[in-house]
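Comments concern the structure below.
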Amino acid sequence: MAIDNLVETIIFAPKKVNQMTSRTVAELLSEKQTQIDIEVKGWVRTFRANRFIALNDGSTINNIQCVVDFENFEEATLKRITTGAAVHIKGTLVESQGKGQSVEIQVNSIEILGDSDPETYPIQPKKHSFEFLRENAHLRTRTNTFSAVMRLRSSLSFAIHKYFNENGFYYMHTPIITGSDAEGAGEMFRVSALDAKNPPLKDDGTVDYSKDFFGKETNLTVSGQLEAETYAMSLGKVYTFGPTFRAENSNTSRHLAEFWMIEPEVAFMDIHGNMDLAEDFMKSVIGYVLENNKEDLEFLEQRLIQEDKSKPQAERSEMSLTDKLRFVVDNNFKRVTYTEAIDILRNSKPNKKKKFNYIIEEWGADLQSEHERYLVEKHFNCPVILYDYPANIKAFYMRLNEDGKTVRAMDILFPGIGEIVGGSQREERLDVLKQKMAALDIPEEELWWYLDLRKYGTAVHSGFGLGFERLVMFATGMTNIRDVIPYPRTPQNAEF
Ligand code: 4AD
Ligand code: MG
């Protein structure tokens, strides 16, 4: 009996506490009951006419209006209600007198939790450039645009875990520090505990990494794929979702040195199953935010409409943000081989008129983002899955086709983004994989465990990698990848 009571107290006590303390702005704005006493904490967005506080706490894009009867407050307190200040408000929730909101707060008391200096506070209630806000990335989520983007980022992340969880995948954590170069591109950040000024040297004068922390050369991972393959070959369906690092010196609006990647890997699935999975997955996560992030999407859509007005007619988008997302969810992705794509590109107007920076002449050319975007935005006008690429422009682990010159690679290309997903069926034949590694000078000792998978119970398997920030760009309509990750890492920039 006594124990039963105890359990009850433990379970119900936190709820009571919650009701007594402050509520979020989102909760209050959807509250049906008025004339109730409430408390709320947040940051002042604006304070108008010594009377109206627009308060935001991050729980929603919307502010709650708090009405102050200035006669009841001391001048000194009113002066401290400035943009950016943190406040604790107690008052009565009432039906709103003004337009634009259903409820507002009649303020009974205000406690200033943290002052803000209106002279120096960077986030003034006016339009700021994204460049300026990048320099103030620690405060930029106090703006509507960045709070909406980051709420969407959080929501997409949840939708991804939800999708895999509901489809029988196990979430695995692949290592961040590795000794192998999964993509074979050599664009890695070294991880070392050696004294940079005075490292131990070998007889030939090169650094002796056998004396380093791990007893060998190590780097930050460029992809969790190879380790994910090992788990797919025992657990069946797995995925990783973690940070990946690339030291490629490309200062573009679509590349980060540190980005997050989602990599599912599935045993007994071929390239076509891989395309089906990727398409279903992309539609599901985009569908999730269409359903669950309506207010933030509506705000970002309006932002884009305003931005478009300042552009020449030809550069304006034909579809609104939500139409664009809906279009991806409702339409089949076009599946095209690399060879077909090369034919289309070779005969395209920009190729013939030499408008592309890289003119497509021969089969075998690597596609640049200008070509990918032509295919998606001009030719097909829908998301495209390109597959069966030339072997020599793709990574060593991809399954060689019977023609001996193409591999079962697949890239998904999205409007406005270009490549968003890269994946493949993996080479499961030991002899073929060994030949490929030898041809590319990849030492077998480094990947002995990867080769083991082909020795013991090998099977067809496939997977892909989705660049998370590119997905967030697509879902929010943001055009610079630096604006969809909290603290971007790019060449010459690791502030915050
Ligand atoms: O095409 P990638 O290089 O493929 C892989 O890493 C495979 N191991 C994935 C797999 O099959 N498991 O990268 C996958 C995706 C790209 O399509 C792109 O969306 C994103 O990762 N990506 C980047 N995103 C931001 N900044 C960068 N520097 C990126 N490099 C790749
Ligand atoms: Mg790729």
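The values are calculated or read from the model by the stated rules, or taken from the named source; none is laboratory data. Just so you know, these numbers come straight off a predicted model, no measurement behind them. Neighbour counts are summed over all protein chains in view; Cβ atoms, including those assigned to glycine, are modelled from backbone coordinates with ideal geometry. What goes into the accessible areas is simple: the full protein's heavy atoms, side chains included, and nothing from ligands, DNA or RNA. Shrake-Rupley method; radii C 1.70, N 1.55, O 1.52, S 1.80 Å.
Check off (1) closer than 30 Å to PHE146 by Cβ; (2) within 16 Å of ligand 2 (Cβ to nearest atom) for ASN274 and give me the number that stays unchecked.
So ASN274 meets the others, but not (1).
Which one of SER253, SER284 is away from ligand 1 (no atom under 13 Å from the Cβ) and either under 27 Å from VAL329 (Cα atoms) or part of a strand (DSSP E or B) (or both)? Full working, then the answer.
Working: SER253 fails: away from ligand 1 (no atom under 13 Å from the Cβ).
Step by step, each of SER253, SER284 is checked, and only SER284 is away from ligand 1 (no atom under 13 Å from the Cβ) and either under 27 Å from VAL329 (Cα atoms) or part of a strand (DSSP E or B) (or both).
State whether the residues of segment 440-449 include one that is within 16 Å of ligand 2 (Cβ to nearest atom) and either at pLDDT 95 or above or closer than 30 Å to SER320 by Cα (or both).
Filtering segment 440-449 for residues within 16 Å of ligand 2 (Cβ to nearest atom) gives none.
No, the conditions are met nowhere in segment 440-449.
For residues that are buried (at least 20 other Cβ atoms within 10 Å of the Cβ) and out of contact with any Pro (no Cβ under 8 Å at 6 or more places or on another chain), tally how many sit in segment 66-84.
Selection size over segment 66-84: 3.
If we only count helices (runs of 4 or more DSSP H) wholly inside segment 293-397, which ones have 1 or more residues that are within 16 Å of ligand 1 (Cβ to nearest atom)? Before the answer, list the steps.
Details: elements: 294-309, 321-330, 338-346, 349-352, 369-373.
Qualifying helices (runs of 4 or more DSSP H): 321-330, 338-346, 369-373.
Can you pull out the residues in segment 228-257 that are among the polar types (S, T, N, Q) and open to solvent by 40 Å² or more (accessible area, probe 1.4 Å)? Outline the logic, then answer.
Let us first name the residues in segment 228-257 that are among the polar types (S, T, N, Q), namely 230, 234, 240, 244, 249-253.
SER234, ASN249, ASN251, THR252, SER253, listed by residue number.
Within segment 119-150, work out how many residues are in contact with a Lys or Arg (Cβ under 6 Å, 6 or more places away or on another chain) and not in a helix (DSSP H, G or I).
So the count comes out to 1.
Considering only helices (runs of 4 or more DSSP H) fully contained in segment 1-93, which possess at least 1 residues that are closer than 30 Å to GLU119 by Cβ and at pLDDT 95 or above? Quick ask: steps written out before the conclusion?
Values: elements: 2-20, 25-29, 75-79.
Result: 25-29, 75-79.
Can you find a residue that is buried (at least 16 other Cβ atoms within 10 Å of the Cβ) and part of a loop (DSSP other than H, G, I, E, B) anywhere in segment 107-118? Can you show your working first?
Taking segment 107-118 and keeping what is buried (at least 16 other Cβ atoms within 10 Å of the Cβ), we get 107, 110, 112, 116.
Filter once more, so that each one left must be part of a loop (DSSP other than H, G, I, E, B): 116.
The answer is yes; a qualifying residue exists.
Quick check on my filter: what residues within segment 143-198 are free of Cβ contacts under 8 Å to residues at least 60 places away in the same chain and on the phi > 0 side of the Ramachandran plot?
GLY186
Only residues that are of a type in the set (D, E, K, R) and either closer than 19 Å to THR322 by Cα or within 15 Å of ligand 1 (Cβ to nearest atom) (or both): list them for segment 450-486, please. Lay out the reasoning, then the answer.
To start, the set of residues in segment 450-486 that are of a type in the set (D, E, K, R) comprises 452, 454-455, 469-470, 482-483.
Result: GLU469, ARG470, ARG482, ASP483.
Of all residues in segment 389-408 being within 15 Å of ligand 2 (Cβ to nearest atom) and free of Cβ contacts under 8 Å to residues at least 60 places away in the same chain, which is most open to solvent (accessible area, probe 1.4 Å)? Before the answer, list the steps.
Looking only at segment 389-408, we keep the residues that are within 15 Å of ligand 2 (Cβ to nearest atom), and these are 389-398, 407-408.
With the extra rule that they be free of Cβ contacts under 8 Å to residues at least 60 places away in the same chain, the set shrinks to 389-394, 398, 407.
Values: TYR389: 6, PRO390: 1, ALA391: 17, ASN392: 134, ILE393: 46, LYS394: 46, MET398: 15, VAL407: 0 Å².
This residue is ASN392.
Let me spell it out: the conditions are (1) touching a residue at least 40 places away in the same chain (Cβ under 8 Å); (2) within 24 Å of VAL289 (Cα to Cα); (3) surrounded by 14 or more Cβ atoms within 10 Å (Cβ to Cβ), and ARG140 meets all of them except one. Which number is the exception?
(1)
Just need a number here: residues in segment 359-378 that are more than 26 Å from the chain's Cα centre (by Cα) and either buried (at least 17 other Cβ atoms within 10 Å of the Cβ) or among the aliphatic types (A, V, I, L, M) (or both).
First pass over segment 359-378, keeping only residues more than 26 Å from the chain's Cα centre (by Cα): 359-365.
Now restrict to residues that are either buried (at least 17 other Cβ atoms within 10 Å of the Cβ) or among the aliphatic types (A, V, I, L, M) (or both): 359-360, 365.
Within segment 359-378, residues that are more than 26 Å from the chain's Cα centre (by Cα) and either buried (at least 17 other Cβ atoms within 10 Å of the Cβ) or among the aliphatic types (A, V, I, L, M) (or both) number 3.
Hey, among THR206, THR230, which residue is farther than 24 Å from MET473 by Cα, within 16 Å of ligand 1 (Cβ to nearest atom) and over 23 Å from the mean Cα position of the chain (by Cα)?
THR230 is the lone residue from the list that is farther than 24 Å from MET473 by Cα, within 16 Å of ligand 1 (Cβ to nearest atom) and over 23 Å from the mean Cα position of the chain (by Cα).
Which count do you get for residues in segment 151-204 that are in contact with a Lys or Arg (Cβ under 9 Å, 6 or more places away or on another chain) and open to solvent by 30 Å² or more (accessible area, probe 1.4 Å)? Explain how you work it out, then say what you get.
First, pick out the residues of segment 151-204 that are in contact with a Lys or Arg (Cβ under 9 Å, 6 or more places away or on another chain): 164, 167-170, 179, 183, 185, 187-189, 194, 199-200.
Filter once more, keeping what is open to solvent by 30 Å² or more (accessible area, probe 1.4 Å): 167-168, 170, 183, 185, 187-189, 194, 199-200.
Adding up the residues that qualify gives 11.
If I ask for residues that are away from ligand 1 (no atom under 12 Å from the Cβ) and among the charged types (D, E, K, R), which ones from segment 401-424 would you list?
Within segment 401-424, GLU402, ASP403, LYS405 qualify.
Take GLU263 and decide whether it is open to solvent by less than 20 Å² (accessible area, probe 1.4 Å), closer than 22 Å to GLY179 by Cβ and within 16 Å of ligand 2 (Cβ to nearest atom). I'd like the intermediate steps shown before the answer.
On the way: open to solvent by less than 20 Å² (accessible area, probe 1.4 Å): yes; closer than 22 Å to GLY179 by Cβ: yes; within 16 Å of ligand 2 (Cβ to nearest atom): yes.
Yes: the conditions hold for GLU263.
Looking at (1) under 20 Å from ALA232 (Cα atoms); (2) within 13 Å of ligand 2 (Cβ to nearest atom), which is the only condition ILE420 fails?
(1)
Go through segment 415-496 and tell me which helices (runs of 4 or more DSSP H), entirely inside it, have 1 or more residues that are assigned by TED's automatic domain parsing to the domain that holds LEU400, small (Gly, Ala, Ser) and open to solvent by 10 Å² or more (accessible area, probe 1.4 Å). Lay out the reasoning, then the answer.
On the way: elements: 430-439, 448-455, 468-476.
Once the helices (runs of 4 or more DSSP H) in segment 415-496 are filtered for at least 1 residues that are assigned by TED's automatic domain parsing to the domain that holds LEU400, small (Gly, Ala, Ser) and open to solvent by 10 Å² or more (accessible area, probe 1.4 Å), what remains is 430-439.
Give segment 94-103 a look and list any residue that's among the β-branched types (Val, Ile, Thr) and in a loop (DSSP other than H, G, I, E, B), or say none.
Let us first name the residues in segment 94-103 that are among the β-branched types (Val, Ile, Thr), namely 94, 103.
Within segment 94-103, no residue meets the criteria.
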